[in-house]
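These notes concern the structure reproduced below.
Nothing in this text is a laboratory measurement; each read-out follows from the coordinates by a stated rule. All of these numbers come straight from a predicted model, not from anything done at the bench. FYI the Cβ positions are ideal-geometry reconstructions off the backbone, even for glycines, and counts take in every protein chain you see.
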Amino acid sequence: MPDPVELLERAVSYTRGALQSAGDDLSAPTPCSRWNLGELLEHMSDALDAFIEASAGVVEVHPAIGCGGDRTVSVGAHVEVLQRKACDLLSAWSAARAGSVRLADTRMRPGLLLQAGALEIAVHGHDVAATGPRGPVLPGPLARDLLPVARMLVTPGDRGVRFGPPVPPATPAPSAVLLGFLGRAE
């Protein structure tokens with residue numbers, strides 16, 4: 001398994017490029033069936049905040065306020081915020097020294113949290129790219145490194161709640177296998 005910070009950096013790099021190919025319509029559907037593009041961009045922003053906060057060793061759990069996909073903010077403005085937060089995330093974790101991260105009453109190893117973060121960031125990058133003209137494909141080496149993380153973290157109980165049922169991959173490409181496992185088509 002690659003170094004977790006390096007894996008996170010690769011996921012962020014891919015997603016920063018994928019964000020540039022987002023469509024213009026905040027109400028556009030995404031591969032996340034419960035979220036349109038605006039809602040997904042808000043979710044990504046909240047997730048980046050939590051992953052940045054985790055670099056200090058604690059993530060405060062806040063009640064969900066619902067993702068409405070703020071229509072007063074353009075896709076470009078959302079992308080700009082996400083680009084800045086992605087840089088802040090890498091900076092925070094490059095300097096982090098937390099031995100564990102507390103999330104509510106659970107403690108996690110930072111490496112596991114970063115692997116989960118890399119998975120979330122890369123897959124949502126794919127989801128955003130799917131809303132516009134064909135964006136960058138999830139790189140095979142990154143997908144190959146994220147597949148064991150997905151298999152470790154996604155349980156049968158997550159199906160129908162956080163992930164759809166697995167989708168048979170159209171090809172044996174690592175990106176198709178990873179996305180299919182997560183209930184998405186490439």
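Hey, what's the Kirkwood Rh for the chain if you take every pair of different alpha carbons, in angstrom?
Numbers: mean 1/r = 0.0601 Å⁻¹.
Kirkwood hydrodynamic radius for the chain: 16.6 Å.
Describe numerically, in nm with one decimal, the distance between label points set 7 Å from Cα along Cα→Cβ at VAL5 and at ARG102.
Spacing of the two 7 Å Cα→Cβ label points: 2.4 nm.
Pick from GLY99, GLY117, GLY23: which residue has the top mean-square fluctuation in a GNM of the chain where Cα pairs under 10 Å get a spring?
Maximum among the listed residues: GLY99.
What number comes out for the charge environment of GLU9, summing +1 per Lys or Arg and -1 per Asp or Glu over other residues with Cβ under 11 Å away? Please report the intermediate quantities before stating the final value.
Values: positive: ARG10, ARG16; negative: ASP3, GLU6.
Counting the neighbours of GLU9, the net charge comes to 0.
Test of understanding: express the Cα radius of gyration of segment 73-151 as a ratio to 2.2 N^0.38 Å, with N the residue count. If you can, show how the numbers build up before the last one.
On the way: Rg = 14.8 Å, N = 79, 2.2 N^0.38 = 11.6 Å.
My calculation over the Cα atoms of segment 73-151 gives 1.28.
Putting +1 on Lys and Arg Cβ atoms and -1 on Asp and Glu Cβ atoms, find which of SER55, ALA77, LEU138 reaches farthest to the positive end of the dipole of segment 42-186.
Toward the positive end, the furthest listed residue is LEU138.
Normalise the Cα radius of gyration of segment 1-64 by 2.2 N^0.38 Å (N = residues in it) and let me know the number. Kindly include the intermediate steps, with their values, before the conclusion.
Numbers: Rg = 14.0 Å, N = 64, 2.2 N^0.38 = 10.7 Å.
The value comes to 1.31.
Enumerate the calculated ³J(HN,Hα) couplings along segment 104-116 in order (Karplus 6.51 cos²θ - 1.76 cosθ + 1.60, θ = phi - 60°), each rounded to whole Hz, writing x wherever the residue is Gly or Pro.
Each residue of segment 104-116 in turn: 6, 9, 10, 10, 10, 5, x, x, 5, 4, 5, 5, 4 Hz.
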